[in-house]
Amino acid sequence: MENAATEFNREEFYKEFTLRNAGFICDADQKRLRESVILIAGCGSTGGSVIELLVRSGAENLILVDNGRYDLNNANRQNMVLDDVDRYKPIVFQERCQAINPFVKIEVCNIGITPDNVDDFVSRADVVVDAVDVTGRSGLEMKFLLHEVCHVKNKAVICGYDMAATQYIPIFDYRNPDLPLFDNQINANMVATMDPLKVCTFLVPISEIPEAMFEELERHTQGKDYTSQLGIAANLFGTITTALVIDILSGRSVKNEYTIDVWKVIRGEYEDKEKLAEYRKGIEAWQNEPCNIEDNEFLSRSLKHYSVPFLPELLPENLTQPHLKIKSSENLISVAIRNGDLADKHKQQLLRYAFVHYAKVGFINQDTAAKDLLHHEPLTALQEDDVHILVLDKTLGKLMAYSTLKMMPESNKTFSEAQRPEYSVEKAFGRETFSNISDLAGLQLSEIREIGRVVKTYTEDKTMSARVGLMLLDAYHALITQQDSGIKAMIGDGEAKVTLANLDMYGFNPVVLQKSNVVIDPEHLFASRYQGREVKPFWFALSQMDKEKNQQASQLLNLAENEFYSAYKKFKNSEPLTIQPQTELA
C-alpha cells in the first residue's frame, strides 16, 4: 500500500478513518457495521449509490453482484467515469472501495443473481440491499428468487425504486416469520405472465408514483425502449439506505417504506392533481387488463450460468452426517445419505443438478417451470427417508452422478390398499400400472422403493462415463441388499436403451410393462419426459435378481483404468469374463 494507510496497522487505520463518525454513530453501531456482511444485488443507479457511502461509513465486508457493464448513458446517475465504460460494475466498485479503505473485503460476482449462487450469498449476508433491475423479465425473475431465499432465511431486505425525482424505498424485514413473501404484493404467476413494468406498479404503490413517471410509462407504450432515470433520485437511495443498514443491524425498528420526492421538497406541491388522478385511474385499469405475455426463455435463463457442483463437504472424510460409503473405484467414490440427514442447501444443489440435466434433454415442462419460477424441484418433493446416492470425484468432490431411492410416506400401508399414496411412476402411467403384479400386491410400501432422478455428468472420457454409470448401478445393489434394508422389490420407469438396458446389464432383471399408456397431467413439471419417448414402467423383485451377474458387475469396479473399459464392454455385450474377486470397500 503505497499511500497513507502504510502508516497505520488495520485497527489504527479504522480508528482514524471513522473518527468523524464519532458522536453520531456510537461505538457498538460502528462495530456492527464493520463486522457485518452486506449483500448488494445490483450495482447500477440505486445499488451503486449505496456502496461507496457504506464503505465511507465504515462497512468492511460487502458482496457486490451485478452482471452489467457501464455504458456512457449511465454516467448521468451512476458512480462511473469515462474509463469505466464497458467494464463490469462490481469490479469498478471493488477497485474504488479498496482505494478508499485498503482493508475492506469486497467479494464480486459479475454474472448477477442466479439460482446457483443466491443461496450462498444470502446465507452469508446480515442484511440485503435489493437493487436488481426489474425493467426486463430476467431481472424480475431473479429479484423474485432473491426474495424467496431471503424469506426462507429470515433476512431483512431494503429495496429501491427511483422514479423521475422520487426515490421509493420499501423494506421487507423477513426476520419477522409472519411477513409474507413480498408482503403479498406480487406472486410467481404475475412475474411469469405480466409485462415487467406492470409488475412494478404492484411493487410500488400507485400513490407513490410521481406524475413525471406516469408520463414516462406513456412513452413506453408508444415504443420507447429505455427508462429515463435521474441522479438526484438515485443518490437518495445511498443516503437513506446507509442509515437504514446501520439501524437494521443495530436492531432498531424501521418503517416499512420511505418516499422522498426531491422536486416536491424544493418546489412544493408541483403536480397537476387532476392529471395525476387520471393517470392513477389509467394504471389501475391497466393492472386489471388480461396478460398475454408469451415467453419461452425461462429455462434458458435459469440454466445460463449453471455448472456442475463441487461438493467436497459430502466426501466421506468430511461428512459429519450419518452416511454410507458404498464403493471406491479409481478416482471415484459413491456415497448414500438419507434425506433427513442432509442439509437443505445440499438437497437444493442435488435437485437442481437433476433439474438442469432434465431441462437440457427436454424433460422439463417449460410452461410449468416458468409459471412457478422453478429452478429445481421443491424440497417438498423429497421424503425424510428418501436416500440420495452420489458418485463423487475423490479429489475435488465434483458430482459425477446422482440418483434417489424414493420412500413413500405412510409406509406401513400395503401396496394393494386403495387409499395409499401414489408412487411417481403411477402418476405418470396410472394407479393401475402394477395392480396385476401379484408379487407386489401383498408387500408393504416400506418394502418397495422407487428409483428416481437418474442423472450423470457428461464427459467425453468413455472409460470414466462407463465407470460412473456402473458405480450408480452398484450403489443401488449395495443399498437394497443390505441385511436391514427391508426392501423386497423396486419399481420405476425409463427408456429401453438407457435405464432399462443398464438395469438388465447389471443383472437386476427388470420386468417391463410394455402395454402401459402415459396418463400424466400435461401441466406436470415432468410431463415433457413422456412426450414422444418410449418410456416404460418396470419392476423387479430382489429374489429374482441374477446374483452371479450382480457380483461380476460389481467386481468390474475393482479393475484398474487400463483393464476396466475392455472388460466392461465384454460384460455389457454378454461375453464371458474371468475376474478375480477382491474385497469391496463398504
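Since every read-out is calculated from the coordinates, none of them should be taken as a lab result. Being a predicted model, the structure only gives us computed values, none of them experimental. As a convention, Cβ positions derive from the backbone with ideal geometry for all residues, glycine included, and neighbour counts pool all protein chains shown.
Quick one: Phe93, Phe103, fewest Cβ neighbours within 10 Å first, how do they rank? Kindly include the intermediate steps, with their values, before the conclusion.
Details: Phe93 25, Phe103 16.
With the fewest neighbours first, Phe93, Phe103 line up as Phe103, Phe93.
Neighbour counts of C-beta atoms inside 10 Å place Phe526, Phe298 in the sequence Phe526, Phe298, starting with the fewest. Overall dimensions of the range 47-165, expressed as equivalent-ellipsoid semi-axes from the Cα gyration tensor (√(5λ), whole Å, largest first), are 22, 18, 13.
May I ask for the Rg/Rh ratio of the chain, computed from Cα atoms with Rh as the Kirkwood radius, given to two decimals?
Reported Rg/Rh, Kirkwood definition of Rh: 1.05.
Spatially, the range 461-489 and the range 253-271 are offset by 65 Å when compared through their Cα centroids. Counted as membrane-span-like here are DSSP H helices of the chain whose alpha-carbon atoms extend 20 Å or more along the helix's own axis and whose Kyte-Doolittle mean is 1.0 or above; these are 231-249.
Taken over the Cα atoms of the range 306-572, the convex hull encloses 133 Å³ per residue. Sorted from longest to shortest, the spans of the Cα atoms of the range 191-341 along the three principal axes equal 76, 45, 27 Å.
Couplings 3J(HN,Hα) for the range 109-125, derived from phi with the Karplus relation 6.51 cos²θ - 1.76 cosθ + 1.60 (θ = phi - 60°), are 9, 9, 10, x, 5, 9, x, 9, 10, 5, 4, 5, 4, 5, 4, 8, 7 Hz, where x marks Gly and Pro.
Rg/Rh for the range 4-288: what does it come to with C-alpha atoms and Rh from Kirkwood? Display every interim value, and only then the final one.
Values: Rg = 19.1 Å, Rh = 19.7 Å.
Ratio of gyration radius to Kirkwood radius: 0.97.
For the range 426-533, just say rounded, prolate or oblate: build the C-alpha gyration tensor, square-root its eigenvalues into a ≥ b ≥ c, call rounded for a/c under 1.5, and beyond that prolate if a/b exceeds b/c, oblate if not. Oblate is the answer for the range 426-533, as a/c is 1.5 or above yet b/c matches or exceeds a/b. Amide H contacts of Met163: Tyr168, each under 5 Å away and 5 or more positions distant or on a separate chain (H built 1.01 Å from N in the peptide plane; Pro and chain starts excluded). Exposure proxy ranking for Cys291, Cys43, Cys159, Cys109, based on other Cβ atoms within 10 angstrom of each Cβ and starting from the fewest, stands as Cys291, Cys109, Cys159, Cys43. Each Cα pair under 8 Å and six or more residues apart adds its separation to the average, and for the chain the resulting relative contact order is 10 percent. Which percent of the Cα-Cα distances in the range 369-466 go past 15 Å? Tail of P(r) above 15 Å: 71 percent of Cα pairs. Mean separation of Cα pairs under 8 Å and 6 or more residues apart, divided by the residue count, gives the range 4-288 a relative contact order of 20 percent. Indicate the gyration tensor shape class of the range 157-208 (rounded, prolate or oblate), computed on the Cα atoms with a ≥ b ≥ c the square roots of the eigenvalues: a/c under 1.5 is rounded; otherwise a/b larger than b/c is prolate and the rest oblate. Here the range 157-208 falls in the oblate category. If you bin every alpha carbon distance in the range 96-232 into 10 Å steps from zero, what whole percent lands in each bin? So the P(r) values, bin by bin, are 10, 37, 35, 16, 2. With the cut-off at 20 Å, report for the range 80-144 the share of all Cα pairs above it, as a whole percent. Value for the range 80-144 (Cα pairs over 20 Å): 41 percent.
In this structure, the amide hydrogen of Asn61, modeled 1.01 Å from its nitrogen in the peptide plane, lies closer than 5 angstrom to those of Ile38, Lys105, counting only residues at least 5 positions away or on a different chain. Taking a quarter of the surface of the Cα convex hull of the range 46-102 gives a mean projected area of 3.7 nm². Structural size metrics of the range 339-384, computed from C-alpha coordinates, are Rg and Dmax of 11.2, 33 Å.
For Lys515, a cut-off of 20 angstrom between C-alpha atoms picks up these lysines, skipping any fewer than 8 places away in its own chain: Lys427, Lys497, Lys536.
Once the gyration tensor of the Cα atoms in the range 287-428 is diagonalised, the equivalent ellipsoid follows with semi-axes of 30, 24, 12 Å, ordered largest first. Is the range 134-176 best put as rounded, prolate or oblate by its Cα gyration tensor, with a ≥ b ≥ c the root eigenvalues, rounded for a/c under 1.5, and otherwise prolate when a/b is larger than b/c, oblate when not? It comes out oblate by the Cα gyration axes.
For the range 224-299, the list of trypsin sites (Lys or Arg not before Pro) that fall in a loop by DSSP and count at most 15 other C-beta atoms within 10 angstrom reads Lys224, Arg252, Lys255.
Listed by chain and number, the lysines whose alpha-carbon sits under 18 Å from that of Lys394, ignoring those within fewer than 8 places in the same chain, are Lys325, Lys327, Lys456.
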